[in-house]
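What follows is a short report on a single structure.
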Amino acid sequence: MRIIKTTDALYKTIQFLKKKQKKLGLVPTMGNLHKGHIKLILLAKKYADIVIVSIFVNPMQFDNLLDLKKYPQTFIEDCLVLKNEKVDILFAPKISEIYPDGLKMHTYIQVPKLSKIIEGKSRPGHFIGVTTIIGKLFNLIQPNFSFFGEKDYQQLLIVKTFVKELNYPIKIISLPTIRLKNGLAFSSRNKYLTNIELQKASFLYKIIRKTINIILKNNGKKLHQTINLAKMSLIQKGFLVDIFNVYNSQTLDDFSEKNKKNIILASVWLGSTRLIDNKKFTLLN
Ligand code: PAF
């Protein structure tokens with residue numbers, strides 16, 4: 001595996017690979033790799049000749065300095081994982097390489113409507129940071145395909161939107177959330193959880209599933225009541241609920257009984273750890 005740390009070296013390598021007409025697949029990450037990332041890499045191998053993984057803890061997408069400082073950084077272990085998976089290139093730039101003029105940039109990528117609702121409301125500026133770094137990585141690497149997990153569902157929709165609207169010639173491929181046996185979604189943030197919290201955290205997905213079963217049984221009626229009950233169950237289990245609601249899974253508009261394709265999006269706190277999860281469902285008639 002080749003480790004590239006500078007944009008100059010990356011540029012030369014990409015030019016070379018493009019001349020050889022190689023199909024490039026990018027898996028963008030912030031490191032602290034887990035099974036979810038590995039599944040994305042395996043998927044990338046099915047599509048691309050050359051698989052590139054980026055590791056960059058992007059300061060621009062953190063709305064809170066403490067959260068950025070404590071974000072788990074495990075570069076050596078991550079390199080071993082990537083070598084094991086026979087990844088071709090790891091792009092791991094320093095902050096100064098990506099933001100040579102600092103973070104007070106004048107040029108951003110923003111998907112205004114989708115970035116300001118739901119999680120964007122709780123974490124102002126977060127999605128502008130995400131779309132800007134992904135746009136930069138797309139410009140630097142010019143991948144044919146890029147791979148994202150469905151756990152970050154709002155992020156995925158936002159990326160798909162800017163890729164389409166800004167005409168990036170890149171196919172965005174998503175992978176369903178990878179879970180532990182008890183249902184807990186793999187996430188780098190699970191590292192912060194104590195053993196007891198790890199057990200408790202699995203209730204989030206259980207409550208999402210139970211809520212969907214009730215919504216389906218009621219055929220979308222009494223939604224407000226059902227959501228409130230779910231929130232109460234979460235609070236009883238020790239979660240602090242930031243977001244738990246039903247949205248149109250294609251537009252992220254608020255729930256309407258007329259809309260069949262829906263999703264529950266959840267963002268909760270367990271102690272000092274923020275956990276997100278989601279599940280789609282379809283109302284039948
Ligand atoms: O989902 C993530 O890990 C990050 O938001 C991403 C896509 C790597 C951008 O920094």
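Loop-only check: which trypsin sites (Lys or Arg not before Pro) in the stretch 219-285 are DSSP coil with at most 11 other Cβ within 10 angstrom?
Lys221, Lys258
Please build a GNM for the chain, connecting alpha carbons under 10 Å apart, and tell me which residue among Leu17, Leu65, Leu82 fluctuates the most.
With Cα springs under 10 Å in the chain, the top fluctuation among Leu17, Leu65, Leu82 is at Leu65.
Summing Lys, Arg as +1 and Asp, Glu as -1, what charge do residues with Cβ under 13 Å from the Cβ of Arg123 carry, Arg123 excluded?
Details: positive: Lys116, Lys121, Arg274; negative: Asp63, Asp67, Glu119, Asp152, Asp242.
Neighbourhood net charge equals -2.
When only C-alpha pairs under 8 Å and at least 6 residues apart count, what is the relative contact order of the chain, in percent?
17
Rounded to the nearest 500 deg cm²/dmol, what is the calculated helix-only ellipticity per residue at 222 nm for the chain, with -39500 (n - 2.57) per DSSP H run of length n ≥ 4?
Value at 222 nm, helices only, nearest 500: -12500 deg cm²/dmol.
Using a Förster radius of 25 Å, what is the FRET efficiency between Lys22 and Asn167 based on their Cβ-Cβ separation? Nearest 0.05, please. Display every interim value, and only then the final one.
Working: r = 22 Å, r/R0 = 0.88.
That gives a FRET efficiency of 0.70.
Say each of Leu80 and Asp253 gets a label point 7 Å from the Cα, pointing the same way as Cα to Cβ; how far apart are those two points in nm?
My value for the distance between the label points is 5.1 nm.
If I fit a long axis through the Cα atoms of helix 126-141 and take the longest principal axis of the Cα atoms of the chain, what angle between them do I get, 0 to 90°, rounded to 10?
It is inclined by approximately 30 degrees.
Restricting to the stretch 1-106, what percent of DSSP beta bridges are antiparallel, rounded to 5?
Restricted to the stretch 1-106, the bridges split so that about 0 percent are antiparallel.
Hey, how much of the P(r) for the stretch 171-224 falls beyond 16 Å, as a percent of Cα pairs?
Within the stretch 171-224, distances greater than 16 Å cover 56 percent of Cα pairs.
Are there trypsin sites (Lys or Arg not before Pro) in the stretch 94-156 that DSSP puts in a loop and that have at most 14 other Cβ atoms within 10 Å, and which ones?
Passing both the DSSP loop test and the Cβ count: Lys94, Lys104.
So for the chain: antiparallel DSSP bridges make up what percent, rounded to the nearest 5?
50
Binned at 10 Å from 0, what are the whole-percent values of the Cα-Cα distance distribution for the chain, short to long?
Going out from 0 Å in 10 Å bins, the chain shows 6, 27, 35, 22, 9, 1 percent.
All of the numbers you see were taken from the coordinates with simple rules; none came from a lab. Quick caveat, the model's predicted, so the values are computed rather than measured. Positions of Cβ are generated from backbone atoms using ideal geometry, with glycine treated the same way; all protein chains shown enter the neighbour counts.
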